[in-house]
Amino acid sequence: MAKIEDEFLKSVVESMLFVSAVPLSIKTMQETLQEQASLSKKRLQTILQQLQNDYDARAIELVEVASGYRFQARQQFSDYIALLYKEKAPKYSRALLETLALIAYRQPITRGEIEDIRGVSVSSYIIRTLQEREWIRVVGHKEVPGRPALFATTKEFLDYFSLKSLQQLPPLLDISDIDVDDKQSQAVTEDA
């Protein structure tokens with residue numbers, strides 16, 4: 001097996017990442033190139049770091065998400081990129097976003113637990129939409145009567161929101177941190 005020089009390897013990895021429709025993990029890159037060269041994880045990580053540095057001043061960046069590495073446009077250009085697409089981004093209801101947030105922060109969680117927290121029933125449409133987008137999946141069943149499904153987020157959820165792990169989710173606000181304007185607080189005290 002011939003030794004591939006680092007500069008050439010960097011170009012190979014860059015081109016693979018550029019044309020791939022999905023993020024590429026280090027393991028996938030190693031397996032893909034195994035017939036051409038034996039690549040250590042450390043060497044690939046060094047190459048990926050060099051690529052990230054090369055793109056520091058560019059409009060696109062190399063980022064690591066849960067499934068691996070991918071090129072993407074920098075966030076500051078998203079409004080301009082959206083102009084390329086005639087269709088508007090899907091609008092998600094507040095109920096869907098609340099359900100997704102509960103699953104992300106409290107996983108694994110049952111539909112009944114989501115309903116207890118939200119105070120309303122969760123529509124089958126919401127669960128189906130989240131599963132069709134592959135943002136959530138059933139990871140087991142709770143050992144209680146009826147054995148309800150336990151939901152958790154997926155790597156696709158992390159990839160969509162450009163996260164490497166759930167630890168990168170923003171922290172939840174305490175109820176005391178939420179500002180309530182005077183009219184709303186007066187209405188609450190008058191009703192009491």
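Here are a few things to note about the model shown:
- Number of residues in the range 61-106 that are among the β-branched types (Val, Ile, Thr), open to solvent by less than 40 Å² (accessible area, probe 1.4 Å) and assigned to a helix (DSSP H, G or I): the value is 2.
- Any hit, the range 22-33, residues being open to solvent by 60 Å² or more (accessible area, probe 1.4 Å), hydrophobic (A, V, I, L, M, F, W, C), closer than 25 Å to LEU158 by Cβ and within 27 Å of the chain's Cα centre (by Cα): yes
- Sole exception among (1) in contact with a Leu (Cβ under 7 Å, 6 or more places away or on another chain); (2) within 26 Å of GLN131 (Cβ to Cβ) for GLN30, by number: (2)
- Against the test of being surrounded by 11 or more Cβ atoms within 10 Å (Cβ to Cβ), of a type outside the set (Gly, Ala, Ser) and in contact with a Lys or Arg (Cβ under 6 Å, 6 or more places away or on another chain), the options ILE4, ILE47 yield a single qualifying residue, ILE47.
- Lone qualifier among ALA59, ALA82 - being touching a Lys or Arg at 6+ places or on another chain (Cβ under 7 Å) and free of Cβ contacts under 8 Å to residues at least 60 places away in the same chain: ALA59
The values are calculated or read from the model by the stated rules, or taken from the named source; none is laboratory data. Computed from a predicted structure; not experimentally measured. Note: ideal-geometry Cβ built from the backbone for every residue, glycine included; neighbour counts use all protein chains shown. Protein only, heavy atoms only, side chains kept; ligands, DNA and RNA dropped before computing areas. Shrake-Rupley method; radii C 1.70, N 1.55, O 1.52, S 1.80 Å.
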